[in-house]
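Enquirer: One structure, as structure tokens, below. Some questions next.
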Amino acid sequence: MSVQAAQQVLLSETASGYEPRGPVAFARDVVRRPAGAIAAAVILLLVLVAIFAPLLVPDNPDAINVTNTLASPSAHHLLGTDSLGRDNLSRVIFGTRVALEVALPSVLGAFIAGSVLGMAAGYFGGLADKVLVIAFDAVISFPAVILGLALLSLIGPSIQSVVFVIALSLVPYYGRLIRAQTLSERKNQYVKAERSLGASRARVLRRHILPNVLAPLLVVVAMDIPSAVIIEAGLAFLGLGVQPPTPDWGVILNDGFANIGTSPWEILGPIVALVIMTTAFTVLGETMRDVLDPRQRLPRRSFLKRRSRDLDG
Amino acid sequence: MVLYLTKRVGLAVVVIVVIMIMLAVLVNLVPGDPARIILGTHATPQLIAQVRRSMGLDNPVYVQVWDFVWQALHGNFGTDFVSQAPVSSEIASPLVNTLILSLVSFVLSVAVGVPLGIAAAVRRGGLVDTLVRGISVVLLSVPAYVIGLLLLLGFSVRLHILPALGSGSLSDIGGYAERLIMPAVALSAFWWAYLARLVRSSMLEVLGEPFVRTSRAYGLRERAIRYRVALKNALVPVTALTGLMVGYILSGTVFVEVIFERTGLGSLAVSAIGNRDWPVVRAVVLIYAAAFILGNLGADVAYRFLDPRLRLEEDAEVFI
């Protein structure tokens with residue numbers, strides 16, 4: 001339960017207190033906050049970099065030049081070159097593509113699969129629920145990287161298998177959250193009323209329960225994207241994920257790690273890029289959570305100051 | 001509490017058994033000849049025949065499952081393809097190293113993160129508070145392997161202050177401890193930020209509660225209110241996060257062991273995957289999962305015990 005308890009701590013009744021006024025109004029509330037606006041702008045920029053990578057790179061990321069390996073930064077190669085003489089900066093720019101290509105489908109896939117399974121478990125109950133809950137627990141016992149060790153050694157490393165591994169490791173988290181929310185929604189009078197009016201279970205799930213349980217999950221989705229980016233690059237760094245010569249941040253880190261004594265700048269490029277991307281998504285997720293949850297607003301500072309001053313002095 | 005404990009321990013046992021079964025049937029779930037999947041496309045026919053025999057891959061799947069679970073329960077995880085030694089003897093000393101690293105990282109996380117959070121909450125808007133709130137957002141987004149690589153680059157490659165490689169031997173405690181510094185920092189830095197923020201916000205929340213005002217009205221000293229009343233309540237959500245900490249630190253050990261060239265379960269698994277040594281990989285994965293389950297079990301029981309409201313709900317749902 002502690003994973004579940006942790007989720008509760010993290011989400012802390014996200015759904016309550018916020019009047020849902022549609023996705024557009026919600027997005028506006030998020031962007032209206034400075035942190036949200038900056039995070040959204042950075043993410044937009046990263047997406048543009050990923051899309052227009054071929055136009056932005058100073059050099060071909062795959063162009064090998066054996067006469068100029070592990071070069072220091074210069075006007076030609078702003079981040080130097082790697083062990084095969086490829087331009088580090090160009091490879092980092094292309095790495096943005098791979099990072100998003102893996103992170104977005106894996107989180108989205110987990111979100112969809114987890115929602116379907118979680119709603120099924122919560123709504124139908126009985127044996128299906130028991131089996132699913134045990135299955136969630138079993139899969140959740142493998143941290144994503146450990147799951148990667150087990151599966152990638154058998155199915156072989158590729159972009160698709162990395163997406164599969166990350167999605168699989170996230171499914172139970174979504175499944176459980178949605179299941180718990182479905183259970184509490186199901187008890188509401190409106191569900192009984194709808195059923196007695198002759199609505200099918202599928203209709204109740206789709207039209208009524210789904211919209212109610214999805215809103216707080218958007219926060220989780222935004223927070224899971226950086227985790228997916230981190231796991232993807234990590235697996236590639238270990239040599240188990242995306243394979244060389246693909247210009248991927250983890251692959252570059254691996255090459256840079258092997259030559260850390262002679263060309264330290266090689267690992268700095270992917271590290272900076274990775275931290276920018278993960279921080280942007282984390283900040284966006286936190287802003288979304290703050291907008292959804294007014295409880296996060298803590299007692300005002302003046303109030304506390306007055307309190308402690310009165311009592312200390 | 002007793003009913004809860006029974007249910008909770010029972011669930012952990014069930015999940016461990018389910019995991020063993022999953023790991024036993026995994027090779028049969030991937031399309032293709034299991035022996036070839038384990039060994040890769042370049043394996044010689046002799047090797048494939050040998051592996052098929054030694055792992056009993058020709059037996060029906062239920063026999064394979066029964067053999068693996070039964071043997072694993074007796075601490076027998078099969079034979080290492082490469083060294084031909086029993087896997088259990090191969091993993092014994094890496095296991096000790098990984099456990100020590102994980103425990104040290106766990107303690108370091110709590111020992112730094114919680115006091116930071118207290119300091120930030122007590123002096124709201126002060127230096128520590130500003131630092132915690134400023135740095136934590138970035139620190140929360142940086143994976144352990146990045147911190148590990150940066151530490152390696154800074155302290156070993158550039159400054160030559162700390163020894164970079166290996167895990168040392170337990171007979172030389174000083175050298176062993178010195179080699180633990182960077183890996184443990186890399187694994188706990190995330191939790192310094194996370195715990196500091198969590199303790200800060202939950203302490204501020206508790207400090208705003210009516211019962212704190214009442215305590216003040218009764219004339220309790222501010223110090224007593226902070227540490228005896230507020231901190232105690234603020235630590236409950238920290239316990240809830242212990243399960244996540246265990247998972248994070250365990251998977252982090254894989255990277256940290258590779259980066260600092262430590263002997264450990266993680267580095268063992270990574271090299272075993274390179275050698276297509278499935279029995280070793282499977283055993284390591286099983287140990288990691290079991291450690292995660294046990295860590296969560298402990299965290300859950302502690303969480304229940306610390307929060308009297310939960311202790312009373314005997315019929316609450318049991319989850320990992």
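Enquirer: Among the candidates B:LEU162, B:LEU207, single out the residue that is without any contact (Cβ under 8 Å) to a residue 60 or more places away in the chain and in contact with a helix residue (DSSP H, G or I) (Cβ under 7 Å, 6 or more places away or on another chain).
Expert: Testing whether each residue is without any contact (Cβ under 8 Å) to a residue 60 or more places away in the chain and in contact with a helix residue (DSSP H, G or I) (Cβ under 7 Å, 6 or more places away or on another chain) leaves just B:LEU162.
Enquirer: Just checking, how many residues over the range A:232-254 are surrounded by fewer than 24 Cβ atoms within 10 Å (Cβ to Cβ) and either out of contact with any Pro (no Cβ under 7 Å at 6 or more places or on another chain) or in a helix (DSSP H, G or I) (or both)?
Expert: Residues of the range A:232-254 that are surrounded by fewer than 24 Cβ atoms within 10 Å (Cβ to Cβ), as a first pass: A:239, A:243-246, A:254.
With the extra rule that they be either out of contact with any Pro (no Cβ under 7 Å at 6 or more places or on another chain) or in a helix (DSSP H, G or I) (or both), the set shrinks to A:239, A:244-246, A:254.
Residues that pass the stated criteria total 5.
Enquirer: Another one. With the condition being at pLDDT below 70, at negative phi and within 14 Å of chain B (Cβ to nearest Cβ), I'd like the helices (runs of 4 or more DSSP H) fully within the range A:1-74 carrying at least 3 qualifying residues.
Expert: In the range A:1-74, A:2-11 are the helices (runs of 4 or more DSSP H) which contain 3 or more residues that are at pLDDT below 70, at negative phi and within 14 Å of chain B (Cβ to nearest Cβ).
Enquirer: Quick one: which of B:LEU73, B:LEU103, B:LEU116 is over 18 Å from B:ALA289 (Cα atoms) and not β-branched (Val, Ile, Thr)?
Expert: Being over 18 Å from B:ALA289 (Cα atoms) and not β-branched (Val, Ile, Thr) holds for just one of B:LEU73, B:LEU103, B:LEU116, which is B:LEU116.
Enquirer: Within the range B:217-263, take every residue that is within 15 Å of B:ASN97 (Cβ to Cβ) and of a type in the set (Ser, Thr, Tyr) and give me the one that is modelled with the highest pLDDT.
Expert: Among residues in the range B:217-263 that are within 15 Å of B:ASN97 (Cβ to Cβ) and of a type in the set (Ser, Thr, Tyr), the one modelled with the highest pLDDT is B:THR253.
Enquirer: Determine whether B:LEU265 is at the interface with chain A (Cβ under 8 Å from one of its Cβ atoms) and open to solvent by less than 40 Å² (accessible area, probe 1.4 Å). Outline the logic, then answer.
Expert: Details: at the interface with chain A (Cβ under 8 Å from one of its Cβ atoms): no; open to solvent by less than 40 Å² (accessible area, probe 1.4 Å): yes.
When the stated conditions are applied, B:LEU265 does not pass them.
Enquirer: Another question, then. Residue under question is A:VAL272, and the condition is that it be open to solvent by 20 Å² or more (accessible area, probe 1.4 Å), at pLDDT 90 or above and in a helix (DSSP H, G or I); does it hold? First the steps, then the outcome.
Expert: On the way: open to solvent by 20 Å² or more (accessible area, probe 1.4 Å): yes; at pLDDT 90 or above: yes; in a helix (DSSP H, G or I): yes.
Yes.
Enquirer: Here are some residues: A:SER200, A:SER184, A:SER196, A:SER169. Which one is of a type in the set (S, T, N, Q) and either under 24 Å from B:GLY32 (Cβ atoms) or within 22 Å of the chain's Cα centre (by Cα) (or both)?
Expert: Only one candidate passes the filter, namely A:SER169.
Enquirer: May I pose another question? Tell me the residue from B:ALA283, B:ALA230, B:ALA234 that is surrounded by 23 or more Cβ atoms within 10 Å (Cβ to Cβ), within 30 Å of B:GLY148 (Cα to Cα) and not charged (D, E, K, R), please.
Expert: Just one listed residue meets the conditions, B:ALA283.
Enquirer: Cβ-Cβ under 8 Å, sequence separation 6+ or interchain: first residue in the range B:232-259 and more than 9 Å from chain A (Cβ to nearest Cβ), partner part of a helix (DSSP H, G or I) and charged (D, E, K, R). Which pairs?
Expert: Sorted first by the residue in the range B:232-259, then by its partner, the pairs are B:ALA234/B:GLU205.
Enquirer: Separate question: With respect to A:LEU79, is the statement that it is touching a residue at least 60 places away in the same chain (Cβ under 8 Å), in contact with a strand residue (DSSP E or B) (Cβ under 7 Å, 6 or more places away or on another chain) and assigned to a loop (DSSP other than H, G, I, E, B) true?
Expert: no
Enquirer: Can we say A:ILE159 is β-branched (Val, Ile, Thr) and within 7 Å of another protein chain (Cβ to nearest Cβ)?
Expert: Numbers: β-branched (Val, Ile, Thr): yes; within 7 Å of another protein chain (Cβ to nearest Cβ): no.
Judged against the criteria, A:ILE159 is not a match.
Enquirer: Quick one: would you say B:ILE273 is within 8 Å of chain A (Cβ to nearest Cβ), open to solvent by 10 Å² or more (accessible area, probe 1.4 Å), modelled with pLDDT of 85 or more and within 22 Å of A:LEU154 (Cβ to Cβ)?
Expert: yes
Enquirer: May I ask you to verify whether A:VAL242 is more than 11 Å from every other protein chain (Cβ to nearest Cβ), within 21 Å of A:VAL116 (Cα to Cα) and of a type in the set (A, V, I, L, M, F, W, C)?
Expert: Values: more than 11 Å from every other protein chain (Cβ to nearest Cβ): yes; within 21 Å of A:VAL116 (Cα to Cα): no; of a type in the set (A, V, I, L, M, F, W, C): yes.
Judged against the criteria, A:VAL242 is not a match.
The values are calculated or read from the model by the stated rules, or taken from the named source; none is laboratory data. Computed from a predicted structure; not experimentally measured. A quick note on method: Cβ atoms are made from the backbone with ideal geometry, for glycine too, and the neighbour counts reach across all protein chains shown. Side chains included, ligands, DNA and RNA excluded: accessible areas come from the protein's heavy atoms. Shrake-Rupley method; radii C 1.70, N 1.55, O 1.52, S 1.80 Å.
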